[in-house]
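Structure record follows, encoded as structure tokens.
Any read-out appearing in this document is the output of simple, stated calculations on the displayed coordinates, not a laboratory observation. Values in this document were obtained by computation on a predicted structure and should not be read as measured data. FYI the Cβ positions are ideal-geometry reconstructions off the backbone, even for glycines, and counts take in every protein chain you see.
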Amino acid sequence: MADMPSHTVSIIDSLGRGVEGLYSLEELKAKLAAGRQLRIKLGMDPTAPDLHLGHSVVLRKLRQFQDLGHRAVLIIGDYTARIGDPTGRDTTRPVLDEATIDRNAQTYLDQAGKILDTSPDKLEVRRNSEWLSKLTFADVLRLTGQVTVQQMLHR
């Protein structure tokens, strides 16, 4: 990336932030050439009763993968919706009760189902409470030791 203009490097850094991995076209081709079904994941925190228009962009991309024989995985951020999130805001979003989170999650699934193929072999739905609720306080402290306060504030 040393030979790229700084604004291009900034864009690439921005796109890569908060994602587990970025695949180049070559890597995607190699994964597809392996001939196995891919799992394409999208996480959404059910903090509002409805999806917004922007969700349709990624949902349509997931549907394209489904139509090509791959499996979409919707990760409902029920656990993270319980804690609020100040990302990009001056105030935290409100902490929601479990009933509201479940109701919002169901509307998300109903609305996403208008775009996605909801057959069990095409769509998997998971809740992040499946793994996050198992963390102990010591686990959380170990995780926080992996990043600096400046990195957390930046995110």
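A few points about this structure:
- Proximal charge balance of residue 104 [Cβ under 10 Å; K/R count +1, D/E count -1]: -3
- Other-chain or far-sequence residues with amide H under 5 Å of residue 127's (modelled H): 76
- Rg/Rh for the range 34-154 stands at 1.01; both radii use Cα atoms, and Rh follows the Kirkwood definition.
- Shown is the FRET efficiency for residue 97 and residue 61, computed with R0 = 30 Å from the Cβ-Cβ distance and rounded to the nearest 0.05: 0.40.
- Residue pairs, from the table 61/134; 41/114; 31/134; 41/122, whose Cα atoms sit over 23 Å apart: 61/134; 31/134
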